[in-house]
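Every number here is computed from the coordinates shown, using simple stated rules; none is lab data. Model, not experiment: these values are computed from the prediction. For neighbour counting, all protein chains shown are included, and Cβ atoms are generated from backbone atoms with ideal geometry for every residue, glycine included.
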Amino acid sequence: LPGMRQTASAIETPAVMSNVVLANMDARGGEAPSLTAPAHGAFVISVDIPAKADYASYICALYNASGEQLWQMPVSAQQAENTVFLRVPTDKASAGLNELRVLGIPSAGGARNKVGRYRFNLQILQ
């Protein structure tokens, strides 16, 4: 119980967070942005999703360098109208190259469509 209280207190305490701004969708050959985040901490991914009327919502999914999906998160069409800020616990990411994939969910139903992908390098401090 004391550990849970400490964790809850840490979550509620204001803090400066590492941030990566993902603006170069599908950039190839260009250098991926980098950030450093503490182990057992969190960082923020800022991403502009190119909103389209064809999509009712979106899925943001993070993949490591091996192509393994680490997590996914729904984003509403309304949220995608502005910059989306994703708070990511460091233990839900991998050190090294990561890729955020954005998939659009069509309003008419059907398969998810690739909207874009963004790459970044993550260094985790021990």
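Test of the criteria: in segment 38-101, which GluC sites (Glu not before Pro) are in a DSSP loop and have at most 11 other Cβ atoms within 10 angstrom of their Cβ? Don't jump to the answer; show the numbers that get you there.
Values: sites: E68, E81, E99; in loops: E68.
Hits after loop and neighbour filter: E68.
Could you give me D for segment 25-126, from Stokes-Einstein at 20 °C and 1.002 mPa s, where the hydrodynamic radius is the Kirkwood radius over C-alpha pairs? Units µm² s⁻¹, please. Can you show the working numbers first?
Working: Rh = 14.2 Å.
Answer from the Stokes-Einstein relation: 151 µm²/s.
Could you list which residues have their amide H under 5 Å from that of G41, counting only those 5 or more apart in sequence or on another chain, with H placed in the peptide plane?
Amide H to amide H, under 5 Å and 5 or more residues apart or across chains, G41 pairs with T90, D91.
Whole-Hz Karplus ³J(HN,Hα) for segment 35-40, in order, using 6.51 cos²θ - 1.76 cosθ + 1.60 and θ = phi - 60°, x for Gly and Pro?
Whole-Hz 3J(HN,Hα) from phi for segment 35-40: 8, 10, 9, x, 4, 6.
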